[in-house]
Amino acid sequence: MNIKRALSGEVEQVKESVLPTGTVGGYRDKLLEKIQKIDSFAEKKAADLYATSNGMKRSLNRQLILLVVIILIVSLTIYYILLRNIRTPLKDLTTAARRFREGDLEARSSYESKMSSARYPPPSTAWQTRFRRTPS
């Protein structure tokens, strides 16, 4: 509408309608009011989302730390069990071998493998007796 007025030479009427008291000025004020409402809503929503995401971040960080601690405890427990189950028989076998090397032909290891007993029968007493008689 203002374009038609401006082209027809009614420039003063166009200037008056654009002023805050004019028709276009009224529409502009209503539009700015609505934009302000949208802006304040978006600002509140952004603040809410930011607060929610910060809370979620803290919660996820706590869960991650807890998960890492649990994995670490389980790993250390498995490590300890494996180490104990390997070291104990080795220590026993080493002690028996050292005693045997030092001349104790009666030295025996108390360790008995659960896996090898099915494959290899225990040494016979005849073999042990023959070994004791063998001169060094």
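The values are calculated or read from the model by the stated rules, or taken from the named source; none is laboratory data. Fair warning: this is a prediction, and the values are worked out from it, not measured in the lab. Quick reminder, even Gly has a Cβ in these numbers, built from the backbone with ideal geometry, and neighbours come from all protein chains shown.
Would you confirm, using the coordinates I've provided, whether Lys57 is at pLDDT 80 or above, within 30 Å of Met1 (Cα to Cα) and not in a loop (DSSP other than H, G, I, E, B)? Taking the combined requirement at face value, the residue does not satisfy it. Check whether at least one residue in segment 25-36 is surrounded by 10 or more Cβ atoms within 10 Å (Cβ to Cβ) and either more than 30 Å from Glu12 (Cα to Cα) or under 43 Å from the mean Cα position of the chain (by Cα) (or both), and report yes or no. Yes, the conditions are met somewhere in segment 25-36. Check whether at least one residue in segment 11-23 is surrounded by 10 or more Cβ atoms within 10 Å (Cβ to Cβ), part of a helix (DSSP H, G or I) and either acidic (Asp, Glu) or within 33 Å of the chain's Cα centre (by Cα) (or both), and report yes or no. Yes; the residues of segment 11-23 include at least one that is surrounded by 10 or more Cβ atoms within 10 Å (Cβ to Cβ), part of a helix (DSSP H, G or I) and either acidic (Asp, Glu) or within 33 Å of the chain's Cα centre (by Cα) (or both). Residues in segment 66-109 that are over 37 Å from the mean Cα position of the chain (by Cα), among the charged types (D, E, K, R) and in a helix (DSSP H, G or I): 5 in all.
Scoring Gln63 on the criteria (1) over 38 Å from the mean Cα position of the chain (by Cα); (2) among the polar types (S, T, N, Q); (3) at pLDDT 85 or above leaves a single failure, condition (1). Of note, Val69 does not satisfy the criterion of being touching a residue at least 12 places away in the same chain (Cβ under 8 Å) and either of a type in the set (Val, Ile, Thr) or in contact with a Pro (Cβ under 8 Å, 6 or more places away or on another chain) (or both). Arg101 meets the stated requirement of being within 30 Å of Tyr111 (Cβ to Cβ), out of contact with any His (no Cβ under 6 Å at 6 or more places or on another chain), free of Cβ contacts under 8 Å to residues at least 40 places away in the same chain and loosely packed, with under 10 Cβ neighbours inside 10 Å.
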